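K.L.:
Mind having a look at this structure? Questions to follow.
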Amino acid sequence: MIDREMSCGVLVVGSGGAGLRAACAAAEAGASVLLATKGRVNRSGATLLAGANVSADVMCDGGSLWRMGIKSADPNDTQERWFSDIVHEGFYLNRRELVRQYVEQAPARVSELLQDGAVQTSAEEGGRQIGIPGSAILDVLWRRVRAAGVRVLQDVTLCDLLPDGSGAAAGALLLDIPSGELIAVKSGAVVLATGGMHGCYAFNSGTSGLCGEGQAAAMRLGADMTLMEMVTFCPDVICAPRRFRGNILPYILQCIGYGSLKNRLDEDFLPRYYSDSAIRLALGSEWNKLLLSYAMFREAQAGRCDEYGGVRYTLAGLTAAQRAELEETLPQLSRGIYRDIMALHDRQGWLSVSAAGHYFDGGIAVNADMSSSVPGLFAAGECTGGLFGANRVAAATTQMLVQGAAAGGSAAKYARDAGARNADPAALERACADALAPLYAAGGGSPRKVRAKVIEAVSQSAGIVRSAQGMAEGLRLLDETEETAAAPQRRERAANREWLDALETRSLRACGRAILLSSLARGESRGVFVRSDCPATDNDRFLCETLLHGGEVTLRPVEQGAPAAAPGKADYFEELERVFARLSYAEGDAANG
Ligand SMILES: Cc1cc2nc3c(=O)[nH]c(=O)nc-3n(C[C@H](O)[C@H](O)[C@H](O)COP(=O)(O)OP(=O)(O)OC[C@H]3O[C@@H](n4cnc5c(N)ncnc54)[C@H](O)[C@@H]3O)c2cc1C
């Protein structure tokens, strides 16, 4: 059944920022590295879209940035303060060893990015971030990967991870999409860097290839998953027209202080849900993602959205001077797709926007060396979970750089010690049979339609506001989709989009189920989502990670106690907790709708 065999010391799957950084770290540590990715090697995944590819924030503590010569940064900021902020705003669920590693290694990763030629396009005054377009980050990393002599396979998809006889990861089965060939890769260690599970949501801000296939394969191999329920939604994402659907430009503009939101009736709807101080949080803090998305959800529920399901983002209130200032700040607005989006805005006076599945805070459970619970299996970037706890308030770009470098180094060491091992023949045979199954399915439904049902089930039941009843129904619908085999009409292997659909659907279903099971186990509201049937945050019972293993969720208490609040931040955190409590209450209070 196998068409080709390959072997390497370290196999890296995925070529966003985490995969590229892992590949060069492993190669620079002496491993022979094979980098396998869906799509084009430095033009796939969420990294390409970071900051709408206008200006992604890349972060480290202000003091370190200042010492790198970024004089707009806050020289008095420290790693301790940053650590404290991340843990507080992660609602205490963060794996502390990951946060420690993140804040300590961020300066080295950011400074090498600049030294390797990434051009900084902006810097936050008094803050912790500089702006670099996502594509520029990829270009810099890709140069380094090529210089390190990494072999690359493009346009392949991970079908399954392969265990050796002891259950340790010993390679992977890949499908070469254009030819339809199955490739068995034997490796000493595997690094998964396959990004988020965006495809689980009908409306999302990611690229189409992000279907949680790394997470699903890790689950099948027996890896622990953590905090799968924590899905961050991005507000202000363009709903229509189709060409711009999923673009987050309005969010980027709103983050830098431009534009306002109205519902279909031209009402300023935020005061309906929030006090003045909460609106300040919604417009001026990293809590904008939850607070704006939540208000948009409520407006949709109340029937005050437009025909595309969105509210209206508008720059109409800007003076000519403010508009000129905006165009000077972001010169990209006069080019390419951004010019077209701005032209549409100016023609109709608004853009239809809604909340989209955006960032996955949960994923493969990892330790600070990026090892998972399966020997030989490492992971980095957005496919992992635990760093940001219940809400990400620091840069995922920095996450992919820090974790990618750590994972590559650890995997190289593991591979050196363990050597390339053979996959268990029975596991290889099973993986091939599973990959080919859709092509041999008798009867069955259209893969597109089965996929759409899976996505509908997850989108409806695992959004910003969830309930036990809704999630049980979501799980039932997912089970129902399993009864229909997804069978492509065309049975040839080469460039068979329907076959790919069937394979991706298997992972979307597994990830959707994991999100729902973990959300059900968390009988409270916390961080990025609200349980309408358990509106309060319950620190007595749920100061816990959800750990999913073999379809069962257990609650593991996190390291107790919050670190001392960073200077000047105590009031802010108290305010945040008050807003969150009120938000949860409002959802429980039907009269408030
Ligand atoms: C629109 C948008 C804007 C964002 N803006 C910011 C920002 O400004 N600042 C910030 O910090 N973060 C931002 N983020 C988040 C951040 O971009 C991501 O978390 C980060 O880039 C993830 O990097 P990664 O390498 O882990 O995954 P990705 O960059 O998503 O890469 C995943 C890789 O895996 C490959 N892959 C997937 N499935 C398979 C498979 N089955 N087989 C083989 N390969 C596979 C993909 O093709 C891709 O190459 C944004 C995200 C989005 C969607």
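The values are calculated or read from the model by the stated rules, or taken from the named source; none is laboratory data. If you're wondering where the values come from, they're calculated on a predicted model, not measured in any experiment. All Cβ positions, glycine included, derive from the backbone under ideal geometry; neighbour counts span all protein chains shown.
K.L.:
What are the residues in the range 397-451 that are among the charged types (D, E, K, R), within 18 Å of ALA217 (Cα to Cα) and more than 16 Å from the ligand (Cβ to nearest atom), if any?
P.N.:
Correct list: ASP424, GLU429, ARG430.
K.L.:
Of a type in the set (Ser, Thr, Tyr) and within 22 Å of GLU299 (Cβ to Cβ): does that describe SER354?
P.N.:
Values: of a type in the set (Ser, Thr, Tyr): yes; within 22 Å of GLU299 (Cβ to Cβ): yes.
So SER354 passes the test.
K.L.:
Moving on. I'd like the residue in the range 349-371 that is surrounded by 24 or more Cβ atoms within 10 Å (Cβ to Cβ) and in a loop (DSSP other than H, G, I, E, B) and, out of all such residues, is nearest to the ligand (Cβ to nearest atom).
P.N.:
ASP361
K.L.:
Looking only at the range 220-251, which residues are surrounded by fewer than 24 Cβ atoms within 10 Å (Cβ to Cβ), assigned to a helix (DSSP H, G or I) and among the aliphatic types (A, V, I, L, M)?
P.N.:
LEU221
K.L.:
Run ASP346 past the list (1) within 26 Å of SER15 (Cβ to Cβ); (2) in a helix (DSSP H, G or I) and report the number of the one that doesn't hold.
P.N.:
Every listed condition holds for ASP346 apart from (1).
K.L.:
For the range 252-278, what are the residues that are hydrophobic (A, V, I, L, M, F, W, C), away from the ligand (no atom under 12 Å from the Cβ) and surrounded by fewer than 23 Cβ atoms within 10 Å (Cβ to Cβ)?
P.N.:
LEU265, PHE269, LEU270, ALA278, listed by residue number.
K.L.:
Being surrounded by fewer than 17 Cβ atoms within 10 Å (Cβ to Cβ), closer than 30 Å to MET219 by Cβ and touching a residue at least 24 places away in the same chain (Cβ under 8 Å): is that true of GLY165 here? First the steps, then the outcome.
P.N.:
On the way: surrounded by fewer than 17 Cβ atoms within 10 Å (Cβ to Cβ): yes; closer than 30 Å to MET219 by Cβ: yes; touching a residue at least 24 places away in the same chain (Cβ under 8 Å): yes.
Spelling it out, GLY165 is indeed surrounded by fewer than 17 Cβ atoms within 10 Å (Cβ to Cβ), closer than 30 Å to MET219 by Cβ and touching a residue at least 24 places away in the same chain (Cβ under 8 Å).
K.L.:
I would also like to ask the following. Does the range 486-494 contain at least one residue that is more than 20 Å from LEU173 (Cβ to Cβ) and touching a residue at least 24 places away in the same chain (Cβ under 8 Å)? Steps first, please.
P.N.:
Step one: of the range 486-494, the residues more than 20 Å from LEU173 (Cβ to Cβ) are 487, 489-490.
Now drop any that are not touching a residue at least 24 places away in the same chain (Cβ under 8 Å), which leaves 487, 489.
Yes; the residues of the range 486-494 include at least one that is more than 20 Å from LEU173 (Cβ to Cβ) and touching a residue at least 24 places away in the same chain (Cβ under 8 Å).
Matching residues to (1) within 16 Å of the ligand (Cβ to nearest atom); (2) buried (at least 24 other Cβ atoms within 10 Å of the Cβ); (3) on the phi < 0 side of the Ramachandran plot; (4) not in a helix (DSSP H, G or I):
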site: GLY303; (1), (2), (3), (4): no, no, no, yes
site: TYR308; (1), (2), (3), (4): no, no, yes, yes
site: LEU318; (1), (2), (3), (4): no, no, yes, yes
site: LEU326; (1), (2), (3), (4): no, no, yes, no
site: TYR338; (1), (2), (3), (4): yes, no, yes, no
site: ILE341; (1), (2), (3), (4): yes, no, yes, no
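K.L.:
Out of the range 1-42, which residues are of a type in the set (S, T, N, Q) and either surrounded by fewer than 21 Cβ atoms within 10 Å (Cβ to Cβ) or more than 21 Å from the chain's Cα centre (by Cα) (or both)?
P.N.:
Our first condition is that a residue be of a type in the set (S, T, N, Q); within the range 1-42, this holds for 7, 15, 32, 37, 42.
Correct list: SER7, SER32.
K.L.:
Does ALA502 satisfy the condition of being in the same structural domain as LEU436 (by TED's automatic domain parsing), small (Gly, Ala, Ser) and within 30 Å of LEU576 (Cα to Cα)? It would help to see each step written out before you state the result.
P.N.:
Values: in the same structural domain as LEU436 (by TED's automatic domain parsing): yes; small (Gly, Ala, Ser): yes; within 30 Å of LEU576 (Cα to Cα): no.
No; evaluated as a whole, the condition is false for this residue.
K.L.:
Restricting the range 187-246 to residues that are of a type in the set (Val, Ile, Thr) and out of contact with any Cys (no Cβ under 6 Å at 6 or more places or on another chain), which is farthest from the ligand (Cβ to nearest atom)? Even if it seems obvious, please write down each step before you answer.
P.N.:
From the range 187-246, those of a type in the set (Val, Ile, Thr) are 190-191, 194, 207, 226, 231-232, 237-238; that's our starting set.
If we keep only those that are out of contact with any Cys (no Cβ under 6 Å at 6 or more places or on another chain) too, we end up with 190-191, 207, 226, 231-232, 237-238.
Numbers: VAL190: 12, VAL191: 11, THR207: 7, THR226: 16, VAL231: 12, THR232: 9, VAL237: 8, ILE238: 11 Å.
Ranking the qualifying residues of the range 187-246, first place goes to THR226.
K.L.:
Among the residues in the range 489-511, are any out of contact with any Lys or Arg (no Cβ under 8 Å at 6 or more places or on another chain), assigned to a helix (DSSP H, G or I), closer than 30 Å to TYR92 by Cβ and among the hydroxyl-bearing types (Ser, Thr, Tyr)?
P.N.:
Looking for residues that are out of contact with any Lys or Arg (no Cβ under 8 Å at 6 or more places or on another chain), assigned to a helix (DSSP H, G or I), closer than 30 Å to TYR92 by Cβ and among the hydroxyl-bearing types (Ser, Thr, Tyr), one finds none in the range 489-511, hence no.
K.L.:
A further question follows. Check the range 167-180 and report whether any residue there is more than 9 Å from the ligand (Cβ to nearest atom) and in contact with a Cys (Cβ under 7 Å, 6 or more places away or on another chain).
P.N.:
yes
K.L.:
Then there's this: Quickly run through the range 23-58 and pick out the residues that are of a type in the set (A, V, I, L, M, F, W, C), in a helix (DSSP H, G or I) and more than 9 Å from the ligand (Cβ to nearest atom).
P.N.:
Pass one, the range 23-58, residues of a type in the set (A, V, I, L, M, F, W, C): 23-27, 29, 31, 33-36, 41, 46, 48-50, 52, 54, 56, 58.
Checking the rest, the ones that are also in a helix (DSSP H, G or I) come to 23-27, 46, 48-50, 52.
Matches in the range 23-58: ALA23, CYS24, ALA25, ALA26, ALA27.
K.L.:
Condition first: small (Gly, Ala, Ser), closer than 30 Å to ASN247 by Cβ and more than 10 Å from the ligand (Cβ to nearest atom). Can you find one or more residues in the range 146-163 that meet it? Don't jump to the end; show me each part of the working.
P.N.:
The initial filter retains those residues of the range 146-163 that are small (Gly, Ala, Ser), namely 147-149.
Still in the list and also closer than 30 Å to ASN247 by Cβ: none.
There is no residue in the range 146-163 that is small (Gly, Ala, Ser), closer than 30 Å to ASN247 by Cβ and more than 10 Å from the ligand (Cβ to nearest atom).
K.L.:
When both residues are 6+ apart or on different chains and their Cβ atoms are under 8 Å apart, which pairs have a first residue that lies in the range 76-91 and is at positive phi, and a second that is outside any helix (DSSP H, G or I) and of a type in the set (D, E, K, R)?
P.N.:
Pairs that qualify, where the first residue is at positive phi and the partner is outside any helix (DSSP H, G or I) and of a type in the set (D, E, K, R), are PHE91/ARG526.
K.L.:
Shifting gears a bit: Please verify whether TYR313 is more than 25 Å from VAL231 (Cα to Cα) and of a type in the set (Phe, Trp, Tyr), treating the condition exactly as stated.
P.N.:
No: the conditions fail for TYR313.
K.L.:
Is it the case, given these coordinates, that ALA427 is among the hydrophobic types (A, V, I, L, M, F, W, C), part of a helix (DSSP H, G or I) and farther than 22 Å from LEU174 by Cα?
P.N.:
Working: among the hydrophobic types (A, V, I, L, M, F, W, C): yes; part of a helix (DSSP H, G or I): yes; farther than 22 Å from LEU174 by Cα: no.
It is false that ALA427 is among the hydrophobic types (A, V, I, L, M, F, W, C), part of a helix (DSSP H, G or I) and farther than 22 Å from LEU174 by Cα.
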